[in-house]
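Coordinate-derived values only; no laboratory data. Worth saying up front: this structure is predicted, and the values here are computed from it rather than measured. We place every Cβ from the backbone using ideal geometry, glycine too, and count neighbours over all the protein chains shown.
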Amino acid sequence: MNLACIDIGSNSLHIIVYKLRKGDISVLARYDKTLRLGSQENQIQKKDGMYLKDSAVKKIVKMVKDFKTIADLFGAEIRAIATSAMREACNGKDIAKKIYKDTGIQVEIITSEQEGHFAYIGAVYSLELARKDVTVIDIGGELRPLLDRQVVVRRHVLQRPNIALEVSAEGRPNWILAPRPPDSGIIVRDVVA
């Protein structure tokens, strides 16, 4: 069985086509395109919240059509998810309906918790870390600009958390970057929010 996974993220859109065999998964094809849906250039603020612009919606639909062509070449079943940009957009559900209407692909807009879980599972298994104690940090497309400076973690005491840093449609973050006392074990330097 071949499976095509489409990820409509805040920074880019991805497709990976897998060949699934008993006890084995191999990658047949992969492609991604940076669209920066989480950026202001692709968003518009209205009275009731943030919307993805029509120009961004057209780009998304075109990419999903292209991804469908790739999946069809491999005879792959398609699973498509959308993350932060569509989840936060007031028109996210309407975009998912348009994608379905134009491509026949059902897009599931997943929660931040599901997104964190998938990131963890994907990192652990793709890096063959399933039987080791690991810390997985998924910085995602929207957080990368915050990390243009050095961030040092000297020690941690986290047990399988799913941490989702997001900014609501109203512009309120669900997190705060604040100085930590030296004995906390976490040092953050030169981070500008």
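General remarks:
- In this structure, the amide hydrogen of Cys90, modeled 1.01 Å from its nitrogen in the peptide plane, lies closer than 5 angstrom to those of Met50, Tyr51, Leu52, counting only residues at least 5 positions away or on a different chain.
- Global geometry of the range 1-109, whether rounded, prolate or oblate, following the gyration tensor of its Cα atoms and the 1.5 cut on a/c: prolate
- Residues of type lysines that Lys68 reaches as a straight line, Cα spacing below 27 Å, ignoring anything fewer than 8 places off in the same chain: Lys19, Lys22, Lys33, Lys53, Lys58, Lys59, Lys93, Lys97, Lys98, Lys101
- 3J(HN,Hα) along the range 103-108: 10, x, 9, 7, 9, 9 Hz, from the Karplus curve 6.51 cos²θ - 1.76 cosθ + 1.60 with θ = phi - 60°, whole Hz, x for Gly and Pro.
- Whole-Å distance, taken between Cα centres, linking the range 1-39 and the range 42-64: 22
- DSSP-loop chymotrypsin sites (Phe, Trp or Tyr not before Pro) across the range 44-81, with at most 15 other Cβ within 10 angstrom: Phe74
- Computed extension length for Lys47-Asp94: 15.2 nm, one decimal, from 0.36 nm per residue of separation with the Cα-Cα distance subtracted.
- You can think of it this way: the chain between Arg30 and Met1 has 8.8 nm of extra reach, that is 0.36 nm per residue less the Cα-Cα gap.
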